[in-house]
Amino acid sequence: MAREDRTMDAAAEKDREKWMARFQVRLAMQPGVDRAVVLQAVKEVTAHCAETGEHPRTHFGDPDAYAVEAAARLVPADRAARAKRHNGVLKTVESVVKKIRDVPGL
């Protein structure tokens, strides 16, 4: 019976790790999010789970959706808007460069 409990504990721990990894990646992809924001959000989730013993999915839900919520809460609106504009400019430049490369003889 003890072996079965250890297997279930290991599976639950692996699931928590997967949730946290996905949350961190999705959070880092949000506009304006830097290392400090990711660390703060991870600290909040970890502290809550340590205090309550809950799985992060139980309290915070889907890691992708919570990453969007956390970014909206933790990133100043002006920084997020600036990052979105910057990303848009980069995509435009990349598109132009790709079109230029497709032109024969250049």
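Nothing in this text is a laboratory measurement; each read-out follows from the coordinates by a stated rule. Because the structure is a prediction, the values reported are computed rather than measured. We place every Cβ from the backbone using ideal geometry, glycine too, and count neighbours over all the protein chains shown.
All other residues whose Cβ lies under 13 angstrom from that of His59 are scored, Lys and Arg at +1 and Asp and Glu at -1, for a net of -3. 3J(HN,Hα) along segment 41-49, derived from phi through the Karplus expression 6.51 cos²θ - 1.76 cosθ + 1.60 where θ = phi - 60°, amounts to 5, 5, 4, 4, 5, 4, 5, 4, 5 Hz, with x in place of Gly and Pro.
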